[in-house]
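A.B. asks: First, the structure itself, so that you have it in front of you.
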Amino acid sequence: MSDVTTRVRGNLAAIEPYKPGLSDETLRRELGNRRIIKLNSNENALGPSPLAIEAIRKELPRLHLYPDGASDLVREAIARHHGISPDQVLVGNGSDDVIKLVSETFLEPGDEIVVPHPSFSQYGFGAQVMDARVRPVPLKLDFTYDVDAMAEAVTPRTKIVYLCTPNNPTGTVLKRSEFEALMARIPDDVFVVVDMAYDNYALDEERLQLRPEELQRGNVGFLFTFSKLYGLAGLRVGYLVANADVIQFIHRVREPFNVNRVAQIGAIAALEDVEHVRRSQALASQARFQYGRLAEHGIRVMPSEANFCLVEVGDGAAVFEALMRRAILVRTGFRGLESYVRITFGTPEENEMCIAALLEVVGQTH
């Protein structure tokens, strides 16, 4: 019998499929119908934007129609939101889709990308699919960016540099001054992608933020998502803003109808939901205060500008298992962060339940 798997591209064997955080459905099968505190996927504890829900409800009778092929109405809404032009916006089926499209646009076998480490694993996935090399650059001991090391990692083979601010899973930000220092050392033909999935939770006034004039640089793109603050993770909508010349090339590898009709309508409405944004940001600020109290018990919590925090617990895997037995889901397993767990901010009640369980199990695992 023939084995067609012998004909797949050779580089695929080295790719590890992305492992998302456990779903509450999976845990419910294991633990029964207990209440589950899901703090492992950086989802919005308030749920989706109410305006998005209402807009989606009205759109449901039109599901027999194809969506807008290039998400033009979404691009126009995003452009108004940022004060830019629609031709500077590309919308994808979540940020993951956009990362893969960027990889397909720029990378060929033997090319390189530079990524911070630890950070979001999908940057490397996109490169591996294109048979390019990933050059990880460790963060500093306090999990801030080592700008000098990032610049030094760029070689003539480098096509893309990824930056994530606030960084996932550390919650630390890249300062505007650090970004400018880095850009001064990066060649103009290297595309710099700044992933700002959690930026609308951040408060640091010195952090890098998108400015419309930024897009005059031909080699910088800013990546955003509707999955976090807007609470639309289940719809999968992400977008890249960049110079229009770059965007038009990425469109050439984008599949038509890559964002479904309901997702497009929900995203447009969510951008207008100022009250939901305000409440989500306030919830994150309260959670930072709640988890900050762990320091009183000798547990180190990394300062975070996102909707999650990184907590040093000694044995991350053991604490993860102990919390899961209590029906509390957190995240661990980040390479190089084996002594940490990442905890998504929940409701105030969920945070208190997690903190109480954490205080109980950390002492047991030490």
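A.B. asks: At a Förster radius of 56 Å, what calculated FRET efficiency corresponds to the Cβ-Cβ distance of D87 and R325, to the nearest 0.05? The partial results should precede the final answer.
C.D. replies: Numbers: r = 52 Å, r/R0 = 0.93.
For R0 = 56 Å, the calculated efficiency reads 0.60.
A.B. asks: Please identify every one of the GluC sites (Glu not before Pro) in region 128-206 that sits in a loop by DSSP and has no more than 16 other beta carbons within 10 Å of its own beta carbon. Intermediate values should be presented prior to the final figure.
C.D. replies: Numbers: sites: E152, E178, E180, E205, E206; in loops: E205, E206.
Counting only loop positions with at most 16 other Cβ atoms within 10 Å, the GluC sites (Glu not before Pro) in region 128-206 are E205, E206.
A.B. asks: I would also like to ask the following. Would you compute, from DSSP H runs of 4+ residues alone, the mean residue ellipticity of the chain at 222 nm, taking -39500 (n - 2.57) per run and dividing by the full residue count, rounded to the nearest 500? Kindly include the intermediate steps, with their values, before the conclusion.
C.D. replies: Values: 12 runs with 131 residues, N = 366.
Calculated at 222 nm, the ellipticity per residue is -11000 deg cm²/dmol.
A.B. asks: Let me ask another. Only helices at least 20 Å long along their own axis, judged from Cα atoms, and with Kyte-Doolittle mean hydropathy of -1.0 or greater: name those in the chain from DSSP H.
C.D. replies: Details: long enough: 274-292 (27 Å, -0.72); 348-365 (25 Å, 0.27).
Those that clear 20 Å and a mean of -1.0 are 274-292, 348-365.
A.B. asks: State, to one decimal in nm, how far the label point of K140 lies from the label point of R35, with both points 7 Å from Cα in the Cβ direction.
C.D. replies: With each label point 7 Å from Cα toward Cβ, the separation is 4.2 nm.
A.B. asks: To continue, here is another question. Once you list every other residue whose beta carbon is under 11 Å from the beta carbon of I247, what net charge do they have if Lys and Arg are +1 and Asp and Glu are -1?
C.D. replies: +1
A.B. asks: Total Lys pairs in the chain closer than 25 Å by alpha-carbon, pairs eight or more apart in sequence or interchain only?
C.D. replies: Counting lysine pairs in the chain gives 11.
A.B. asks: Dipole size in debye (nearest 20) for region 282-331 around its Cα centre, Lys and Arg Cβ +1, Asp and Glu Cβ -1? Could you put the intermediate results ahead of the total?
C.D. replies: Working: 6 positive and 5 negative charges, 31 e Å.
The dipole of region 282-331 has a size of about 140 debye.
A.B. asks: Quickly work out the E213-to-S177 label distance, labels modelled 7 Å from Cα along the C-beta direction, and quote it in nm with one decimal.
C.D. replies: If labels sit at S177 and E213, their model points lie 2.0 nm apart.
A.B. asks: Another question, if that's okay. With both partners inside the chain, how many of the DSSP beta bridges are antiparallel, as a percent to the nearest 5? Don't jump to the answer; show the numbers that get you there.
C.D. replies: Numbers: 17 of 37 bridges.
Around 45 percent antiparallel, to the nearest 5.
A.B. asks: I would also like to ask the following. PRE reach from L65 (point 7 Å along Cα→Cβ): which of region 238-264 fall under 13 Å by backbone N?
C.D. replies: 261-262
A.B. asks: Also, quick follow-up: From the square roots a ≥ b ≥ c of the eigenvalues of the alpha-carbon gyration tensor of region 90-161, which class results: rounded (a/c under 1.5), prolate (a/b over b/c), or oblate? Don't skip to the end; give the middle numbers.
C.D. replies: Values: a/c = 2.31, a/b = 1.38, b/c = 1.67.
Oblate, since a/c reaches 1.5 and b/c is not below a/b.
A.B. asks: Which shape class, rounded, prolate or oblate, goes with the chain when its Cα gyration tensor gives a ≥ b ≥ c as root eigenvalues, a/c under 1.5 marks rounded, and past that a/b bigger than b/c marks prolate? Walk me through the numbers on the way to the answer.
C.D. replies: Details: a/c = 1.39, a/b = 1.21, b/c = 1.15.
Rounded, because the longest to shortest axis ratio a/c is under 1.5.
A.B. asks: Describe numerically, in nm with one decimal, the distance between label points set 7 Å from Cα along Cα→Cβ at R57 and at R300.
C.D. replies: 4.8
A.B. asks: Based on the mean of other beta carbon atoms within 10 Å per residue, what is the order of 41-50, 223-232, most packed first?
C.D. replies: On the way: 41-50: 20.0, 223-232: 25.4.
Highest to lowest by the protection proxy: 223-232, 41-50.
A.B. asks: Cα atoms only, region 169-322: Rg and Dmax in Å?
C.D. replies: Rg then Dmax for region 169-322, in Å: 18.4, 54.
A.B. asks: If the chain between V274 and F257 were fully stretched, how many nm would it gain, using 0.36 nm times the residue separation less the Cα-Cα distance?
C.D. replies: Values: separation 17, 0.36 × 17 = 6.12 nm, distance 2.81 nm.
Using 0.36 nm per residue and subtracting the Cα-Cα distance, I get 3.3 nm.
A.B. asks: Which percentage, to the nearest 5, of the DSSP beta bridges contained in region 50-207 is antiparallel? Can you show the working numbers first?
C.D. replies: Working: 1 of 15 bridges.
Looking only at bridges with both residues in region 50-207, the antiparallel portion is about 5 percent.
Each value in this text was obtained by applying a stated rule to the coordinates, not by laboratory testing. All figures in this text were calculated on a predicted structure; none of them were measured in a lab. Ideal geometry is used to build each Cβ from the backbone, glycine not excepted, and the neighbour counts take in all protein chains shown.
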